[in-house]
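**Student:** I have a structure I would like to understand better, so I am pasting it below and will then ask my questions one at a time.
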């Protein structure tokens, strides 16, 4: 299929439709509003639902309703709006419902700014809402991945009965790149016998619920869920390695930070410094093994982030404190320049972390 | 292997993003690697707007252009801000109707085009951006003139297809401008 | 032997956990009877609230979803949009519907969302042990208004039917009570009507049921029913607040 030029946000919307999602609920917020605008235009023409909800809270609960019915549903927002959705996300996780939440991150905390950020890493990967749970968190670094990982996020959510999150940022959302759009599916690949579609007087009633007042029962529910999470961790880790075979310095970065880091790595190589990149594509599950393996041969790591040092914790846990890990970051909507990352690589090469 | 970074900057409403889109679409038709990144947010409503475009034979890394090979400055604040960022040996294209000063840099080739006045004279007052684009094509060859009509038709929204000819005329005028 | 009385099919065999004298049982039964009478059990999905009726999902034999506090109308919206041929109802208390979920309530109503909302107003938070509700009466003593609801500092009760009937969109809004045989008969008709409206695709129907909470009101069940008559109903007059079938 021919490539088309598309904004990252639009690629998410079109890919979601092609993945069989026919229900989108959202609330306007920069820099992801193109997703809602795209859905508003397309959904009525294909018999789908676009609904501008009264709040982020309502939007995520509408998603909860559609997901309960066993259909693919999504909502999208940016950082402050995603905070509002956390209650609903916790309920989705607690009720074992698949759904897609898109966060096109902007600077925070509070109202923050509207420029790109990655400072919702903790919120996305460590819970965000209350209770023990995980989301599958996918981090696109190109418009192509905005499309591909949207489809992947729906598939994984259905497969493991858990919500997934596409953790993008304002840059990838707003930029245009050529994209090859995914094939159309109706999204009905996974059977959902648990869905509340009406008993038709033929079966016992299904209940979508996260309330278990008997602690023994709730504990079992949590343990079962974590057994499933273990399988996700075993089977679904995705990452890209770039020039790591002989690397002395291993940069770890995702999304826009990985794009910038690649430029820096190219420049470092021109200067004779053996730098490489591990780019996590799934942030949860995190590519722990790849980092641990790299730790055996590199001098050290650099976590390049648009946050004050969040992913760096996961890198340290993964490499088991064997090697030093430096932080190279800009925040508040600023993006590190390739020169800044190159400087960090050169420093690391000199053994300064 | 060419890796050309373009920065287009001006006031909101001058068609900065659109000019970038035309180049991006044409680059795509020429089977190049492309990225197009706008500044976004409230500053687009009448403030300054800019747009990073990369047209390359190799995969695009960071889509953010901080050191352009080609700068298109559509107003003075943009020229003041970005003149020093242009790579040595690069190009600056300056709308001399709105920017009265000359370049300070001597290590870049600078082209002065009275694009806003030319657009007015051609009775396409909103298309100074396309006049600048025409000149950029002539001087840098970053995209080709052949097949531009098709790329433009894809860039112009369905409801503005009647402006296709006007856009082509403006690009031609810039392309043929000697100065 | 002829069966003269039986449990509605729309109720399960699970024993209700409600306190003695609580009217939730009556209201559950009225909802279940409406579902049975209309023959919609196999295609109905209910949404339970957070509050005393939180475990309604165990009591209704149709498919059920447990919603977060106040979010039932948003969840019901999602269900209805995904399955327009299914009958979707919410069952909510006063804290759930009129306090934390007010935005969801008002906006589902103003979209004329084709759902049925059963709103049980007993003027108190029952599940958490008797705190002031958005519908607690002026002067009403609760755990969090120990000196009586002081309207100067905490404001007046919210009259949901009156408030929602200020909107252009909603199709049907009625307030009923279940403190007497006569009122129960009226409530039964109203609830059935609210489901019929949805079956016919008319849109948003809300039935407010003025209810009692003997436990947290600190009254005997009989006294509580009397208090509904003497104090609640004068503040919350019964009647039809919106009926679009009557409008041209």
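**Student:** Of the residues A:216, A:204, A:191, which single one is in the same structural domain as residue A:132 (by TED's automatic domain parsing), free of Cβ contacts under 8 Å to residues at least 12 places away in the same chain and surrounded by fewer than 20 Cβ atoms within 10 Å (Cβ to Cβ)?
**Tutor:** Numbers: A:216 fails: in the same structural domain as residue A:132 (by TED's automatic domain parsing); A:204 fails: in the same structural domain as residue A:132 (by TED's automatic domain parsing).
After ruling out the rest, the residue left standing is A:191.
**Student:** Next question, about the same structure. Are there helices (runs of 4 or more DSSP H) fully within region A:14-107 with at least 2 residues that are touching a strand residue (DSSP E or B) at 6+ places or on another chain (Cβ under 7 Å) and more than 10 Å from chain C (Cβ to nearest Cβ)? List them.
**Tutor:** Correct list: A:33-42, A:79-94.
**Student:** Looking at this structure, is residue B:131 assigned to a loop (DSSP other than H, G, I, E, B), touching a strand residue (DSSP E or B) at 6+ places or on another chain (Cβ under 7 Å), at pLDDT 95 or above and within 21 Å of residue B:179 (Cβ to Cβ)?
**Tutor:** Numbers: assigned to a loop (DSSP other than H, G, I, E, B): no; touching a strand residue (DSSP E or B) at 6+ places or on another chain (Cβ under 7 Å): yes; at pLDDT 95 or above: yes; within 21 Å of residue B:179 (Cβ to Cβ): yes.
In short, no.
**Student:** Report the residue count in region A:189-226 for those that are assigned to a loop (DSSP other than H, G, I, E, B) and within 13 Å of chain C (Cβ to nearest Cβ).
**Tutor:** The number of residues fulfilling the criteria is 21.
**Student:** Which of the residues that make up region C:26-46 are away from chain A (no Cβ under 14 Å) and more than 17 Å from residue C:200 (Cα to Cα)?
**Tutor:** Scanning region C:26-46 gives C:26, C:27, C:28, C:29, C:30, C:31, C:33.
**Student:** In the set A:141, A:157, A:147, A:153, which member is part of a helix (DSSP H, G or I) and touching a helix residue (DSSP H, G or I) at 6+ places or on another chain (Cβ under 6 Å)?
**Tutor:** After applying the criteria, what remains is A:147.
**Student:** To continue, here is another question. Residues that are in contact with a helix residue (DSSP H, G or I) (Cβ under 6 Å, 6 or more places away or on another chain), modelled with pLDDT of 95 or more and over 27 Å from residue A:123 (Cβ atoms): which strands (runs of 3 or more DSSP E) entirely in region A:237-353 hold 1 or more of them?
**Tutor:** By residue number, A:249-252, A:275-280, A:300-305.
**Student:** OK, next. For the structure I just gave you, tell me whether residue C:119 is away from chain A (no Cβ under 13 Å) and in contact with a helix residue (DSSP H, G or I) (Cβ under 8 Å, 6 or more places away or on another chain).
**Tutor:** Yes.
**Student:** So, one more: When you look at residue C:77, is it in contact with a helix residue (DSSP H, G or I) (Cβ under 9 Å, 6 or more places away or on another chain), at the interface with chain A (Cβ under 8 Å from one of its Cβ atoms) and under 16 Å from residue A:208 (Cβ atoms), yes or no?
**Tutor:** Yes: the conditions hold for residue C:77.
**Student:** Going by the conditions given, is residue A:112 over 18 Å from residue A:17 (Cα atoms), away from chain C (no Cβ under 13 Å), touching a helix residue (DSSP H, G or I) at 6+ places or on another chain (Cβ under 6 Å) and in a loop (DSSP other than H, G, I, E, B)?
**Tutor:** Details: over 18 Å from residue A:17 (Cα atoms): yes; away from chain C (no Cβ under 13 Å): yes; touching a helix residue (DSSP H, G or I) at 6+ places or on another chain (Cβ under 6 Å): no; in a loop (DSSP other than H, G, I, E, B): yes.
It is false that residue A:112 is over 18 Å from residue A:17 (Cα atoms), away from chain C (no Cβ under 13 Å), touching a helix residue (DSSP H, G or I) at 6+ places or on another chain (Cβ under 6 Å) and in a loop (DSSP other than H, G, I, E, B).
**Student:** Output the helices (runs of 4 or more DSSP H) that fall wholly within region C:140-205 and possess 2 or more residues being within 20 Å of residue C:120 (Cα to Cα) and within 16 Å of the chain's Cα centre (by Cα), or say none.
**Tutor:** C:160-164, C:181-199
**Student:** Go through (1) more than 18 Å from the chain's Cα centre (by Cα); (2) buried (at least 19 other Cβ atoms within 10 Å of the Cβ); (3) more than 14 Å from chain C (Cβ to nearest Cβ); (4) in contact (Cβ under 8 Å) with a residue 40 or more places away in the chain for residue A:262 and report which single condition fails.
**Tutor:** Of the numbered conditions (1) more than 18 Å from the chain's Cα centre (by Cα); (2) buried (at least 19 other Cβ atoms within 10 Å of the Cβ); (3) more than 14 Å from chain C (Cβ to nearest Cβ); (4) in contact (Cβ under 8 Å) with a residue 40 or more places away in the chain, the odd one out for residue A:262 is (4).
The values are calculated or read from the model by the stated rules, or taken from the named source; none is laboratory data. These numbers come from a predicted model, not from an experiment. Using ideal geometry, Cβ is built from the backbone for each residue, glycine included, and neighbour counts are taken over all protein chains shown.
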